[in-house]
Amino acid sequence: MKTHAQAVVIGGGLVGCSILYHLAKLGWTDVVLLERDELTSGSTWHAAAGLHGLHDNNNISKLQYYTMNHYKELEKETGQGCGVFQPGSLYLAQTEEREHQLRIQAAKAKYFGVDFYEMSIEEALKKNPLINFDGIRCVMYEPDGGNVDPSGVTMAYAAGARQMGAEIHRFTPVTATTQQPDGSWIVETPNGNIHTQWVVNAAGLWAREVAAMAGFTMPLQPTEHQYFVTEAIPEIEALDFRLASVADRDGEYYMRQEGQGLLIGAYEKNLKFWAEEGTPQGFGHELFADDLDRIMDNVMRAMDRVPVAADAGIKRVINGPMIWSPDSSALYGPVPELRNYFTCCGIIPGFSQSGGLGLMTAQWIIEGEPEFDMFPWDISRFGHWADKKFTKEKVADQYSKRFAIHYPFEERDAGRNTRLRPVFEKQKSMGAVFGLNYGWEHPLWFAGEGVEGKESYGFTRQDWFEPVGEECRALRNNVGVIDVSNFGKYEIKGAGAGAWLDRIVANHIPKEVGRSCLTPLLGVRGGIAGDFTITKLDDEHYFMVGSGIAERYHQRYFNAVERPDTVSFESVTEAYCGFNVAGPKSRELLSRLTQTDLSNDNWKFMRSKQITIAGIEAIGIRVSFTGDLGWEIYVPTEQQLKLYEALLETGADLGVRPVGGRSLGSLRIEKGYGSWSREYSPEYWPHEVGLDRLIKMDKPEFLGKDAYAKIKDLPPRELLVGLIVDTDNADASGGEPIFLPDGTPVGRVSSGTYGYTVEKSVALCFIKTEHAVSGAEFDVAILGKPHRAVMLDAPAFDPKGERLRG
């Protein structure tokens, strides 16, 4: 076994072998995979190994289609069979909401140029004549759906990696990983040590144990999962073609042909956790005792749908472990607190995602950043607050609702009250409906004093539509108080603080005390990795505000520039809370609580001051994400409740209202303001989203400068634009494809809402540059159906920006 390598992959399952293969494919052939047992041990070997392409997230759809298409190429390349069967999948809708979901997916398929389309029951019976279609209102067909052989695919990745020079060592458990001062790692095994530049944790069921060797924890929890295979069924033996699989998500089971019988599996309500305190080291190719009674309700629904299954004997039962993250998506990417340590764990639909995960991992490690925005899978989306209790609650919810529809804006009940701020009970008493934001309970909207806040979910407008409208109108006409404590907040100070910060962000940081600036943070490829407001509080003393959900994500960038010993950089997100006081009467309200002159002459837009308000020392910044006149006021967390009560009591005669996050979304979209992870992403170039004006190439250096220099004069591929959409019962929410009237796909929605001020449905979208012309007409696929839209040449609300500067 070699003693040095560019990367060491820990774990010889499906995903580990894919990562090794793709590293070699992109040119890193001095790479090693270490497996504690035999390849496929753990979860890979017993997987049902289904294939599907479409996902609610567009980028994940792209990666799943890459994976599905790659298997046949892999077979040709290696000579190793992957056992690919693609008879297609039939997706069934029993409810109107499921029909909406499937039509949305069909519209996205048209946008991607892939096959997923409606089929009549008569046509569907030709694909699978065993299905009872009673109660089915819609059928969609995915021709590429099917399954693969778990061991075959894994061995093909392994064979391909070996052909390119990579090494695989079975029965070589990793016993320690130790980081060196230069960022490299020593990986210890009983067979010798390897000094490597990168460690990749793809250890599957043992991911937690491998992470612990490096000194960090991962929010993962294994469960048992069962499926069974029937004996041969005469009706299947009589066919001369393979049956299309059955995707009856409302029935909460999955079913496909296996041999001359059927494979039926389910995600039951009363799930069973496994290995809560750690995965046994000796576990490998073992299974658990059968417990079919646990899934029998689901199985009975499957037998009602395919009656011949009821008469078939059971050939074998598979009850094996799976390991889940809190949201059932991968825990993926470089660990922000470590150097050169990559994770790729907690993957559930692995055989639909293995190729994409491998490719993105190789790009990230070798090139510094993947071509797609991977934040939906990024390990940084969870912080220290994602403890065992939170993880178990969320995993139980995700498992038992595996096939439930994920509605726009939906908030689940699991894992709640993990992080609370002082105003929580006060907001709750005012009927706040809370959402989860990086672990924090954050008010989305307010039902009213003494009313228990509850909400419904669906693809059409829901019961919170009018209350949110009342909040928006109250702010636009009078004054609103928005809790913005979920924003990420940082304090940077000490000799050299300004110079260090200036080397990170793309804009000039403020030179004068009391000045603030907006600035992009650029990624490795020159795209938008973040956007921040930076305020100069004093000489070499700065306050910076950015996306709260991206706080751990952005840590990678802050760590990329060496910080002098004289400079302190501290997250104060927990130490400080904030309110955005906005609306035409915001100045009058705040003036009642402070001696500071808030006039436009004394406090202009994008200026800041340290003030006393309601007897509390605070940081005030004249800026508002609503696009209206307003201030963001930040105070120590222990003073949050005092300030909140003072604002609401003092502004009662002004019509002040507490305003939630849903309203802020509507207000910022009708103003045309982008938001990180929707409009701002490493995928998007600055001049595609209108942030190029904030990039100062006269600076000697900043992160991403060289990459931006290569793309800044290239024509934008797409442009971020606003649309007014003709719709009366549903609004775009994000991800909806956009077509020309003749059906040509030209873009997608990044954010959508109803604009209560402009009284129209509005959307922020990315449109191919050649079609982004003011007044141009498009069709936005809302509920999967075309809704005519017109492109704006300026924001729908206050296009000249007079309100926020007034």
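The values are calculated or read from the model by the stated rules, or taken from the named source; none is laboratory data. Fair warning: this is a prediction, and the values are worked out from it, not measured in the lab. All Cβ positions, glycine included, derive from the backbone under ideal geometry; neighbour counts span all protein chains shown. Remember, those area values only see protein heavy atoms, side chains included, never the ligands or the DNA or RNA. Shrake-Rupley method; radii C 1.70, N 1.55, O 1.52, S 1.80 Å.
Which residue is surrounded by the most Cβ atoms within 10 Å (Cβ to Cβ), if the candidates are limited to segment 584-606 and must be small (Gly, Ala, Ser) and either in a loop (DSSP other than H, G, I, E, B) or out of contact with any strand residue (DSSP E or B) (no Cβ under 9 Å at 6 or more places or on another chain) (or both)? Write out each step before concluding.
Taking segment 584-606 as the starting set, the residues that turn out to be small (Gly, Ala, Ser) are 586, 591, 599.
When the remaining residues are screened for being either in a loop (DSSP other than H, G, I, E, B) or out of contact with any strand residue (DSSP E or B) (no Cβ under 9 Å at 6 or more places or on another chain) (or both), the result is 591, 599.
Numbers: SER591: 14, SER599: 10.
Looking at residues that are small (Gly, Ala, Ser) and either in a loop (DSSP other than H, G, I, E, B) or out of contact with any strand residue (DSSP E or B) (no Cβ under 9 Å at 6 or more places or on another chain) (or both), I get SER591.
Among the candidates GLU452, GLU470, which residue alone is surrounded by fewer than 17 Cβ atoms within 10 Å (Cβ to Cβ), touching a residue at least 24 places away in the same chain (Cβ under 8 Å) and more than 28 Å from ASN57 (Cβ to Cβ)? Working first, answer last.
Values: GLU452 fails: touching a residue at least 24 places away in the same chain (Cβ under 8 Å).
Answer to the selection: GLU470.
With the requirement that a residue be of a type outside the set (Gly, Ala, Ser) and open to solvent by 50 Å² or more (accessible area, probe 1.4 Å), what does segment 562-583 give you?
So in segment 562-583, the residues of a type outside the set (Gly, Ala, Ser) come out as 562-567, 569-570, 572-574, 576-577, 579-581.
Listed by number, the residues that qualify are GLU562, ARG563, PRO564, ASP565, THR566, PHE569, GLU570, GLU574, TYR576.
Could you run through segment 240-271 and say how many residues are part of a loop (DSSP other than H, G, I, E, B), surrounded by 15 or more Cβ atoms within 10 Å (Cβ to Cβ) and not acidic (Asp, Glu)?
First pass over segment 240-271, keeping only residues part of a loop (DSSP other than H, G, I, E, B): 240-244, 248, 252-253, 259-260, 267-271.
Add one more test, that the residue is surrounded by 15 or more Cβ atoms within 10 Å (Cβ to Cβ), and what stays is 242-244, 248, 252-253, 260, 267-268, 271.
If we keep only those that are not acidic (Asp, Glu) too, we end up with 242-244, 253, 260, 267, 271.
Total meeting the criteria: 7.
Which numbered condition in (1) among the charged types (D, E, K, R); (2) in contact with a helix residue (DSSP H, G or I) (Cβ under 9 Å, 6 or more places away or on another chain); (3) in a strand (DSSP E or B) is the only one that ASP798 fails?
Every listed condition holds for ASP798 apart from (3).
When ALA781 is evaluated against the numbered criteria (1) without any contact (Cβ under 8 Å) to a residue 60 or more places away in the chain; (2) in a strand (DSSP E or B); (3) under 26 Å from PRO682 (Cα atoms), which criterion, by number, is the only one it fails?
(1)
Could you go through segment 397-405 and let me know if any residue there is among the polar types (S, T, N, Q), surrounded by fewer than 20 Cβ atoms within 10 Å (Cβ to Cβ), in contact (Cβ under 8 Å) with a residue 60 or more places away in the chain and out of contact with any strand residue (DSSP E or B) (no Cβ under 9 Å at 6 or more places or on another chain).
Initial filter on segment 397-405 (among the polar types (S, T, N, Q)): 398, 400.
Narrowing the set further to residues that are surrounded by fewer than 20 Cβ atoms within 10 Å (Cβ to Cβ) leaves 400.
Keeping just the survivors that are in contact (Cβ under 8 Å) with a residue 60 or more places away in the chain gives 400.
After this cut, where a residue has to be out of contact with any strand residue (DSSP E or B) (no Cβ under 9 Å at 6 or more places or on another chain) as well, the list is 400.
Checked segment 397-405: at least one residue is among the polar types (S, T, N, Q), surrounded by fewer than 20 Cβ atoms within 10 Å (Cβ to Cβ), in contact (Cβ under 8 Å) with a residue 60 or more places away in the chain and out of contact with any strand residue (DSSP E or B) (no Cβ under 9 Å at 6 or more places or on another chain).
Can you tell me which of GLY282, GLY320 is closer than 30 Å to MET218 by Cα and either touching a Gly at 6+ places or on another chain (Cβ under 8 Å) or free of Cβ contacts under 8 Å to residues at least 40 places away in the same chain (or both)? Give the derivation first.
On the way: GLY320 fails: either touching a Gly at 6+ places or on another chain (Cβ under 8 Å) or free of Cβ contacts under 8 Å to residues at least 40 places away in the same chain (or both).
Just one listed residue meets the conditions, GLY282.
Are there helices (runs of 4 or more DSSP H) fully within segment 1-115 with at least 2 residues that are open to solvent by less than 20 Å² (accessible area, probe 1.4 Å) and more than 20 Å from GLY350 (Cα to Cα)? List them. Outline the logic, then answer.
On the way: elements: 14-25, 58-78, 96-112.
Per the criteria, 96-112.
For (1) assigned to a strand (DSSP E or B); (2) surrounded by fewer than 24 Cβ atoms within 10 Å (Cβ to Cβ), each residue gets a yes or a no:
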| position | (1), (2) |
| --- | --- |
| THR727 | no, yes |
| GLY734 | no, yes |
| GLY743 | no, yes |
| GLY752 | yes, no |
| VAL773 | no, yes |
| ARG788 | yes, yes |
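Check LEU521, LEU501 and return the single one that is in contact with a helix residue (DSSP H, G or I) (Cβ under 7 Å, 6 or more places away or on another chain) and buried (at least 23 other Cβ atoms within 10 Å of the Cβ).
One residue alone meets the criteria, LEU521.
Output the qualifying pairs, or none if there are none: Cβ atoms under 9 angstrom, residues six or more apart or on different chains, first residue in segment 199-223 and of a type in the set (Phe, Trp, Tyr) and open to solvent by less than 20 Å² (accessible area, probe 1.4 Å), second residue at pLDDT below 95 and assigned to a loop (DSSP other than H, G, I, E, B).
TRP206/GLY42; TRP206/GLN281; TRP206/PHE283
Which numbered condition in (1) touching a strand residue (DSSP E or B) at 6+ places or on another chain (Cβ under 7 Å); (2) free of Cβ contacts under 8 Å to residues at least 40 places away in the same chain is the only one that ASP653 fails?
In the conditions (1) touching a strand residue (DSSP E or B) at 6+ places or on another chain (Cβ under 7 Å); (2) free of Cβ contacts under 8 Å to residues at least 40 places away in the same chain, ASP653 misses (1) alone.
Quick one: which residue in LYS768, LYS785 is among the basic types (Lys, Arg) and within 19 Å of HIS100 (Cα to Cα)?
Details: LYS768 fails: within 19 Å of HIS100 (Cα to Cα).
Exactly one of LYS768, LYS785 is among the basic types (Lys, Arg) and within 19 Å of HIS100 (Cα to Cα), namely LYS785.
When you scan segment 331-348, how many residues do you find that are in contact with a strand residue (DSSP E or B) (Cβ under 7 Å, 6 or more places away or on another chain) and either open to solvent by less than 10 Å² (accessible area, probe 1.4 Å) or farther than 22 Å from GLY27 by Cα (or both)?
Residues meeting the conditions: 12.
Looking only at segment 228-239, count every residue that is open to solvent by 20 Å² or more (accessible area, probe 1.4 Å) and within 27 Å of GLY355 (Cβ to Cβ) and tell me the total. Spell out the reasoning first.
So in segment 228-239, the residues open to solvent by 20 Å² or more (accessible area, probe 1.4 Å) come out as 231-232, 234-235, 237-239.
Then drop every residue that is not within 27 Å of GLY355 (Cβ to Cβ), which leaves none.
The qualifying residues number 0.
Quick grid of which residues meet (1) farther than 27 Å from VAL335 by Cβ; (2) assigned to a loop (DSSP other than H, G, I, E, B):
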site	(1), (2)
MET155	yes, no
ALA158	no, no
ILE168	no, no
LEU205	no, no
MET218	no, yes
GLN226	yes, no
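Restricting to segment 645-663, name every residue that is within 31 Å of the chain's Cα centre (by Cα) and not charged (D, E, K, R).
Correct list: PRO658, VAL659, GLY660, GLY661, SER663.
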